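A quick write-up on the structure given underneath.
Quick note: the coordinates plus some simple rules give every number you see, no bench work behind them. Please read all numbers here as calculations on a predicted model, not as lab measurements. Here Cβ is always computed from backbone atoms with ideal geometry, including for glycine, and neighbour counts include all displayed protein chains.
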Amino acid sequence: MSPLKALGGTSDILPDEADRWQKMEETARRVLKLHGFREIRTPLFEESAVFTSSLGEAAEIVTKQMYLFEDRGGRKVALRPEGTASVVRAFIEHGLDKSGGLTRFYYMGPMFRAERPQAGRRRQFHQLGVEVFGSASPYQDAEVLLLLVRLLKGWDVRGWVLKLNSLGCRQDREAIIEQVRAKLSPHRQKLCEDCQVRFEKNPLRILDCKESRCQELSFGIDVSTAVCGACRDHFEKVSRTLGRLKIPFEKDPHMVRGLDYYTRTAFEVIHGGLGAQNALGGGGRYDDLVELMGGSPVPAVGFAVGLERVLMAQETSSGAAQGAVADRAAAVFVSTAGSDITDGLQWVELLREKGIPAVANLEERPLKRQLEQADKWGFQWVVIRGEMEREKGVFVVKNMASRSQEEIPEKMWLNVLQKRLNRS
Ligand code: HAM
């Protein structure tokens, strides 16, 4: 049998990389807490109607990218392609739409989209998302963007560009659609096959098409000109507030996002180091979605960031991958050549009780092999206790980076090692 492999567009995260993921997640949780967000965890699969009723009939995520199946009870089920619809479903299901006030959620976890895999485009990928329910204020939009920027700073991602647009309210949608249809109608036959269907079903999606001919044809269409005075005022307030908060952004009147639930503010953060899939994250306001999904009318705004893409963007910033090495450098390997391996297990327990990451040698093998192994694993410190050390009543503490070592009387080894670690 040929060896089994992970499916295309999915990947294993091996420990070196997992160290970077943990660091990224820890930074995110710290920043989110500072901003008053609390975690929500929703199931990885849902009744497919959760997504078909919310993301938009003509949205590519719904038409082409959902992992759909029938479960044993004949229910139509989908792996979640994004987090917003699930969070709204949970918000309504638990009666939070009736409670009033402001609710701030965040989530982190895998999402699934059956896209053609390429760099930065996975079939299983991870998002960090935030959703704020209960405020229609433009200052809330700005505050959510402030959080996004703080996250990017915390992750040391530089060189991003924030793009902002207004998609108007429900009442403006017809006017916007008419404007797009009017502009594209003379060129309809030149649109790609998908966009010919979009022209009928939801012409706004054409502005999001990746085909160059469709991009050329739709170039210059400005959806923001068709939005009403109140929405324009909202957008102005968001823009002004961002300016005062010194958050750089570009207005992009062409940007529509790939999901249908957005109203008013929509935004995307792109990064030049990501190649063709250049969106680090995106989001916006969705004031009608809670009601559309069967809840009370509760305005909301949020965003999601693609975590694989954050790691890719970090790589283009200096010193990004050093975290894992620095973490490993503080760890200790306890070598027990010629003495009892069980003693080694007890010593690593003493270290762990003091909060020092430690691993003991578990194989009967010469000291040289043990040191080679410790070096390979990236330990900075090795504690050696062989037969010779036992006879002398000492432990040897070796710094693998500098290759220096010292003999320490056995009663003091733990304290001395701790001091050395604090200094390194
Ligand atoms: P989205 O733009 O579909 O928005 O996805 C957000 C981010 O997820 C993208 O900018 C990208 O970084 C990442 N992403 C999407 N698809 C893939 C993929 N196939 N492989 C790797 N990364 C990917 C949403 O999902 C909305 N729910 C965001 C939102 C929250 N809006 C309001 N609240």
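Report the net charge of residues surrounding residue 123, where surrounding means a beta-carbon distance below 11 angstrom and charges are Lys +1, Arg +1, Asp -1, Glu -1. Don't skip to the end; give the middle numbers.
Values: positive: 113, 116, 121, 122; negative: 115.
Within the 11 Å Cβ shell, the charges total +3.
So what's the gap between the Cα centers of the stretch 166-224 and the stretch 362-413, to the nearest angstrom?
69 Å
Just want the ordering: 288, 141, from fewest to most Cβ atoms lying within 10 Å of their own Cβ.
288, 141
Take the Cα of residue 41, step 7 Å along the line toward its Cβ, and report every residue of the stretch 96-139 whose backbone nitrogen sits under 13 Å from that point.
107-110
What length, rounded to one decimal in nm, is gained on full extension from residue 410 through to residue 375, with 0.36 nm per residue of separation minus their alpha-carbon distance? All intermediate terms of the calculation are to be shown ahead of the outcome.
Numbers: separation 35, 0.36 × 35 = 12.60 nm, distance 2.40 nm.
Gain in length upon complete extension: 10.2 nm.
With charges set only on the Cβ (+1 for Lys and Arg, -1 for Asp and Glu), what does the dipole of the chain come to about its Cα centre, in debye to the nearest 20?
700 debye
Using Cα-only point scatterers and the Debye equation, what is log10 of I(q)/I(0) for the stretch 171-221 at each q in 0.18, 0.30 Å⁻¹, rounded to two decimals?
Debye curve over Cα of the stretch 171-221, log10 I(q)/I(0) at q = 0.18, 0.30 Å⁻¹: -0.46, -1.29.
Among 282, 395, 8, which residue has its Cα positioned farthest towards the positive end of the charge dipole of the chain, with +1 placed on the Cβ of Lys and Arg, -1 on the Cβ of Asp and Glu, and the dipole taken about the Cα centre?
Among 282, 395, 8, the one farthest towards the positive end of the dipole of the chain is 282.
Which of 66, 24, 412 moves the most in a Gaussian network model of the chain with Cα springs under 10 Å?
In this elastic network of the chain, the residue with the biggest mean-square fluctuation among 66, 24, 412 is 412.
Where does the chain land at 222 nm, in deg cm²/dmol rounded to the nearest 500, when only DSSP H runs of n ≥ 4 count, each adding -39500 (n - 2.57), divided by all residues?
-11500 deg cm²/dmol
Checking the table 210/237; 23/237; 210/251; 64/237; 163/210; 368/398 against a 25 Å threshold on Cα-Cα, which pairs fail?
Those over the limit are 210/237; 23/237; 64/237.
With +1 assigned to the C-beta of every Lys and Arg and -1 to the C-beta of every Asp and Glu, and no other charges, what is the dipole magnitude of the stretch 171-221 about the Cα centre in debye, to the nearest 20?
Using Cβ point charges on Lys, Arg, Asp and Glu, the stretch 171-221 gives about 100 debye.
DSSP loop trypsin sites (Lys or Arg not before Pro) in the stretch 1-63 with at most 14 other Cβ atoms within 10 Å of their Cβ, which ones?
5, 41
What is the mean projected area of the alpha carbon convex hull for the chain, to one decimal in square nanometres?
Across all orientations, the chain yields a mean hull projection of 27.3 nm².
What's the percent breakdown of Cα-Cα distances in the stretch 112-242 across 10 Å bins, shortest bin first?
P(r) for the stretch 112-242, in whole percents per bin: 10, 28, 33, 26, 2.
Got a sec? How would 135, 2, 212 order by Cβ neighbour count within 10 Å, fewest to most?
Result, fewest neighbours first: 2, 212, 135.
For the stretch 20-155, what value does the Rg/Rh ratio take when both radii are computed over Cα atoms and Rh is the Kirkwood radius, given to two decimals? Kindly include the intermediate steps, with their values, before the conclusion.
Details: Rg = 16.1 Å, Rh = 16.4 Å.
With Rg and the Kirkwood Rh in hand, the quotient comes to 0.98.
What is the order of 94, 234, fewest Cβ neighbours within 10 Å to most?
The fewest-first ordering by Cβ neighbours comes to 94, 234.
For residue 80, what is the net charge nearby, where nearby means another residue's Cβ is under 12 Å from its Cβ and Lys, Arg count +1, Asp, Glu -1?
Net charge around residue 80: 0.
Can you pull the semi-axes for the stretch 332-423, root of five times each eigenvalue of the Cα gyration tensor, sorted largest first, whole Å?
On the way: eigenvalues 56, 47, 36 Å².
The equivalent ellipsoid of the stretch 332-423 has semi-axes of 17, 15, 13 Å.
Which loop trypsin sites (Lys or Arg not before Pro) in the stretch 170-238, with loop taken from DSSP, have no more than 14 other Cβ atoms within 10 angstrom of their Cβ?
Within the stretch 170-238, the qualifying trypsin sites (Lys or Arg not before Pro) (loop, at most 14 other Cβ atoms within 10 Å) are 210.
So for the stretch 332-423: antiparallel DSSP bridges make up what percent, rounded to the nearest 5?
Of those bridges, close to 55 percent are antiparallel.
In nm, what is the difference between 0.36 nm times the number of residues separating residue 102 and residue 10 and their Cα-Cα distance?
Using 0.36 nm per residue and subtracting the Cα-Cα distance, I get 29.5 nm.
Grab the beta carbon distance between residue 193 and residue 57, set R0 = 22 Å, and tell me the FRET efficiency rounded to 0.05.
Once rounded, the FRET efficiency stands at 0.80.
Using Cα centres only, tell me the gap between the stretch 73-102 and the stretch 1-51 in whole Å.
Rounded to whole Å, the Cα centres lie 19 Å apart.
Restricting to Cα pairs below 8 Å that are 6+ residues apart, what does the relative contact order work out to for the stretch 171-221? Please round to a whole percent.
The value is 36 percent.
So which trypsin sites (Lys or Arg not before Pro) in the stretch 354-424 pass both tests, a DSSP loop state and at most 16 other Cβ atoms within 10 Å of the Cβ?
Here the trypsin sites (Lys or Arg not before Pro) that fit, given the DSSP loop and packing criteria, are 354, 403, 411.
Once you keep just the Cα pairs under 8 angstrom separated by 6 or more residues, what percentage relative contact order results for the stretch 160-302?
On the way: 234 pairs, mean separation 45.7, N = 143.
Over the stretch 160-302, the number comes to 32 percent.
How high is the relative contact order of the chain, in percent, counting Cα pairs under 8 Å that sit 6 or more residues apart?
Numbers: 726 pairs, mean separation 63.1, N = 424.
Relative contact order, the chain: 15 percent.
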